[in-house]
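The values are calculated or read from the model by the stated rules, or taken from the named source; none is laboratory data. Only a predicted model underlies this, so the values are computations on that prediction, with no experimental measurement involved. All Cβ positions, glycine included, derive from the backbone under ideal geometry; neighbour counts span all protein chains shown. Quick note on the areas: whole protein, heavy atoms, side chains included, nothing else; ligands and nucleic acids left out. Shrake-Rupley method; radii C 1.70, N 1.55, O 1.52, S 1.80 Å.
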Amino acid sequence: MQSILLWGADLIVAIQQFQTPWLTASFETFTWFGGHGYLYLVPFVVWCLGYRLGWQLLLLFVLTAFLNGLLKDWIALPRPYQMDTRILSDGEFGYSLPSGHAQLVVIYWGMLAAWLQRRWFWVVAVAIMFVMGLSRVYLGVHYPSDVLSGWLLGALLLWAWLRWAPSAIDWLGRQPQALRWRCLLVTTAALAAIGVLAGGEASTFAAVGMLLGAGAGMLVAYSALDFGPAALWQRALRYVLGMVVLLALLVGLQKLAALTAWPGPVEAFVLLIPLGLWLTVFPLLASALRLERPAPAQPPV
């Protein structure tokens, strides 16, 4: 392992020899879209492309983030710039292995590519995955091995979801609503228990809170689980309205967090529930505002 890290550090130093202000700014912008940018990218899929696609992406996203947080806390590998003074970096919170950016970029763009089923989009998706990984190495916040492991984990999770999730979703769709609620609560409790036993950080419990909120919204909004056909202006208005409320919620929750004395994991869990709930329950409001063409009610699957 040590030899792999030494090789990775040498590669980072070699890549950083080509640093320029323009290239650094470009990679910083690109890596932002692989982190905070998902706050804007995921709602776009949920509200504008397709609800069924969107909530599946959201759930897989949350599960991926949960697993990444657990693995990082368990392995506890410091970031490259913390281990080698030759590496230039502005720094980043948390541990290094595996790369969350690498995992999530595979999930997001891989899910979209699988949905579109267009070869050209797969080429675009793979190119974005590569540049995202390169940006993390260039910025000195991940070893190449972190990125490779993140890509691998993301690909395995995406493959497993595409392979088994449709059957599981169809089965769950045939069950009574009460059973669906029990499944959500049991799953949330199980993940929270795993997080406690593993000594997970706040980010781990934020994922669990998001799962609970998003799952609850999905079950409540069963009559709006897929938008009907809509004009471009309707989709744009959905997104603008939804994001205004989402960002207002985020600001309000951040102010609330400043007033609480809860431990970090509890605070993260509680405060992420409303965000997840809004992401998946917003279709009810959109339907009430007629931001879609009339469509038959869909079962909650």
Q: Give just the number: which of (1) touching a Gly at 6+ places or on another chain (Cβ under 9 Å); (2) more than 30 Å from Leu291 (Cβ to Cβ) does Leu162 not satisfy?
A: (2)
Q | The one condition in (1) of a type outside the set (Asp, Glu); (2) on the phi > 0 side of the Ramachandran plot; (3) in contact with a helix residue (DSSP H, G or I) (Cβ under 6 Å, 6 or more places away or on another chain) that Ala102 fails to fulfil | A | (2)
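Could you please find all residues in segment 34-48 being in contact (Cβ under 8 Å) with a residue 60 or more places away in the chain and either surrounded by fewer than 19 Cβ atoms within 10 Å (Cβ to Cβ) or under 28 Å from Leu285 (Cβ atoms) (or both)?
Within segment 34-48, the first condition is being in contact (Cβ under 8 Å) with a residue 60 or more places away in the chain, and the residues that meet it are 34-35, 38-48.
Gly35, Tyr38, Leu39, Tyr40, Leu41, Val42, Pro43, Phe44, Val45, Val46, Trp47, Cys48, listed by residue number.
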Q: Output the number of residues of segment 234-256 satisfying the condition of being among the hydrophobic types (A, V, I, L, M, F, W, C) and within 22 Å of Ala268 (Cβ to Cβ).
A: 10
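Which residue, of Leu271, Leu241, is surrounded by 16 or more Cβ atoms within 10 Å (Cβ to Cβ), at pLDDT 90 or above and part of a helix (DSSP H, G or I)? Can you show your working first?
Values: Leu271 fails: at pLDDT 90 or above.
Criteria check complete, one pass: Leu241.
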Q. If you take the residues of segment 102-133 that are open to solvent by 30 Å² or more (accessible area, probe 1.4 Å) and of a type outside the set (A, V, I, L, M), which of them is farthest from Gly50 (Cα to Cα)?
A. Phe130
